[in-house]
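In what follows, a single structure is set out as structure tokens and then discussed.
The values are calculated or read from the model by the stated rules, or taken from the named source; none is laboratory data. This is a predicted model, so every value here is computed, not measured. Every residue, glycine among them, receives a Cβ derived from its backbone with ideal geometry; neighbour counts consider all protein chains shown. For accessibility, only protein heavy atoms count, side chains too; no ligands or nucleic acids. Shrake-Rupley method; radii C 1.70, N 1.55, O 1.52, S 1.80 Å.
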Amino acid sequence: METDAGAGCGLQPDVALLAEFRGWLDRERGLSPVSVHCYAKQSKAFLAGIGGAAAVGGLDAGKVTAFMVDWTRGRNTWSAKAMVTSLRAFLRFAHATGRTAAPLAGAVPAVASWRMSSLPRGLKAAEIERLLAGCDRETLAGLRDYAVLSLLARLGLRGAEAAGLQLGDVDWRAGEIAVTGKGSRTERLPLPAPAGEALAAWLRDGRPSCKPRSVFVTVRRPYRPLTPESVRAVMARACERAGMERRGAHRLRHALATEMLRAGASLPEVGQVLRQRSMLSTSIYAKVDQNALRPLARQWPGAGQ
């Protein structure tokens, strides 16, 4: 029987349903707050696309597949994959709570992609310097954005990891920072001097005194922690100031990995810095080290004749 979460509490049906979905993800799946937020955001788009929470009970495999075909039109592979993962979770939740008569997660089509088919796209050192130089460190927002970009560029943090940093994660005596990444794993990383100086300047001269314990917060009242979307916006504004086309924050992570390889670091060392659990994830960076690959290339038959 279909449940009516939120009935009598004044919540709109979509809002109540998504709130229950977030609780289910946390309780049943044990997902991190960042993942829960992402899944709920994608599911909100799904509900908007099918006509709201009231339409969930009338879903069938054809409607689910039709939504995905229409939604992915014009979107890139990563956006499509994010929706596939989130929608499958939402449909499992809908069936587990009696909102759909049949399990429909299998009706969500997979996204065709080929691992290792493309090169990771980083940024040149000069471009990174332009991004950093564009931050006006005479302003509170400039101090904060400079510190955010410095951590992304010098430590290879993911945007969500930078947003999730807490004041207690920084150990100034040891010169380390505790980073909570995918799978809610927390690892300690050495804090490079340039990034440490940028972080200290923000905490000392820029960060407002406020209740949230997040390292990065908004600079206007009411003070709120930065979100992963806020970090992406920091990167977007930096690109605009530098006169560059908009790039994702992940480009700084790719740039760090590429630079480490070119400086002589091994793939395992790169994977350790980026905190990647699978060497398969790190191995794609081997393709960007052209100097190391060149001796392995064989001459094309007939070339040079």
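Scan Ala153, Ala160 and give me the residue that is touching a residue at least 40 places away in the same chain (Cβ under 8 Å), of a type in the set (A, V, I, L, M, F, W, C) and touching a Leu at 6+ places or on another chain (Cβ under 6 Å).
Ala153
Would you mind telling me which numbered condition in (1) in a loop (DSSP other than H, G, I, E, B); (2) closer than 26 Å to Arg221 by Cβ Ala162 fails?
Result: Ala162 passes all but (1).
Can you pull out the residues in the stretch 208-241 that are closer than 21 Å to Leu131 by Cβ, more than 22 Å from the chain's Cα centre (by Cα) and assigned to a loop (DSSP other than H, G, I, E, B)?
Val219
For residues that are of a type in the set (Lys, Arg) and over 24 Å from the mean Cα position of the chain (by Cα), tally how many sit in the stretch 52-93.
1
Out of all the residues in the stretch 204-229, which are open to solvent by 30 Å² or more (accessible area, probe 1.4 Å), closer than 24 Å to Arg173 by Cβ and touching a residue at least 24 places away in the same chain (Cβ under 8 Å)?
Residues satisfying the conditions are Asp205, Arg207, Arg213.
Regarding Trp24, is this residue among the hydrophobic types (A, V, I, L, M, F, W, C), touching a residue at least 12 places away in the same chain (Cβ under 8 Å) and more than 28 Å from Thr180 (Cβ to Cβ)?
For Trp24, the condition - among the hydrophobic types (A, V, I, L, M, F, W, C), touching a residue at least 12 places away in the same chain (Cβ under 8 Å) and more than 28 Å from Thr180 (Cβ to Cβ) - is not met.
Scan the stretch 170-195 for residues that are closer than 18 Å to Val231 by Cα and in a helix (DSSP H, G or I) and report the count.
Residues in the stretch 170-195 being closer than 18 Å to Val231 by Cα and in a helix (DSSP H, G or I): 2 in total.
For (1) over 21 Å from the mean Cα position of the chain (by Cα); (2) on the phi > 0 side of the Ramachandran plot; (3) open to solvent by 20 Å² or more (accessible area, probe 1.4 Å), each residue gets a yes or a no:
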{"residue": "Ala102", "(1), (2), (3)": "yes, no, yes"}
{"residue": "Cys135", "(1), (2), (3)": "yes, no, no"}
{"residue": "Asp145", "(1), (2), (3)": "no, no, no"}
{"residue": "Leu151", "(1), (2), (3)": "no, no, no"}
{"residue": "Leu155", "(1), (2), (3)": "no, no, no"}
{"residue": "Glu161", "(1), (2), (3)": "no, no, no"}
{"residue": "Gly175", "(1), (2), (3)": "yes, yes, yes"}
{"residue": "Arg188", "(1), (2), (3)": "no, no, yes"}
{"residue": "Pro192", "(1), (2), (3)": "yes, no, yes"}
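Return the residues of the stretch 150-183 that are more than 18 Å from Arg204 (Cβ to Cβ) and of a type in the set (A, V, I, L, M); say none if nothing qualifies.
Hits for the stretch 150-183 are Leu152, Ala153, Leu155, Leu157, Ala160, Ala162, Ala163, Ala174, Ala178, Val179.
What about Thr65, is it closer than 20 Å to Pro228 by Cα and either aliphatic (A, V, I, L, M) or assigned to a helix (DSSP H, G or I) (or both)?
no
Looking at the stretch 85-100, which of the residues that are touching a residue at least 40 places away in the same chain (Cβ under 8 Å) and among the aliphatic types (A, V, I, L, M) is most open to solvent (accessible area, probe 1.4 Å)?
Among those that are touching a residue at least 40 places away in the same chain (Cβ under 8 Å) and among the aliphatic types (A, V, I, L, M), it is Ala96.
For Gly264, all conditions in the list (1) open to solvent by 90 Å² or more (accessible area, probe 1.4 Å); (2) more than 24 Å from Lys41 (Cβ to Cβ) hold save one; what is the number of the exception?
Among (1) open to solvent by 90 Å² or more (accessible area, probe 1.4 Å); (2) more than 24 Å from Lys41 (Cβ to Cβ), the lone unmet condition for Gly264 is (1).
If you go through the stretch 42-51 one residue at a time, do you hit one that is over 24 Å from the mean Cα position of the chain (by Cα) and not aromatic (Phe, Trp, Tyr)?
Yes, the conditions are met somewhere in the stretch 42-51.
Let me spell it out: the conditions are (1) over 18 Å from Gly164 (Cα atoms); (2) open to solvent by less than 20 Å² (accessible area, probe 1.4 Å); (3) of a type outside the set (Gly, Ala, Ser); (4) touching a Pro at 6+ places or on another chain (Cβ under 9 Å), and Cys239 meets all of them except one. Which number is the exception?
Unmet condition: (4).
Restricting to the stretch 63-80, name every residue that is surrounded by fewer than 19 Cβ atoms within 10 Å (Cβ to Cβ) and either free of Cβ contacts under 8 Å to residues at least 24 places away in the same chain or under 23 Å from Trp24 (Cβ atoms) (or both).
Selection gives Lys63, Ala66, Asp70, Trp71, Arg73, Gly74, Arg75, Asn76, Trp78, Ser79.
Listed here are the residues, each with its yes/no results for (1) among the hydroxyl-bearing types (Ser, Thr, Tyr); (2) at pLDDT below 95; (3) outside any helix (DSSP H, G or I).
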site	(1), (2), (3)
Gly106	no, yes, no
Trp114	no, yes, yes
Leu119	no, yes, yes
Gly122	no, yes, yes
Glu129	no, no, no
Leu132	no, no, no
Arg137	no, no, yes
Leu143	no, no, no
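I want to confirm something. Restricting to the stretch 17-35 and keeping residues that are aliphatic (A, V, I, L, M), within 21 Å of Ala163 (Cβ to Cβ) and modelled with pLDDT of 90 or more, which single residue is surrounded by the most Cβ atoms within 10 Å (Cβ to Cβ)?
Filtering first and then ranking leaves Leu25.
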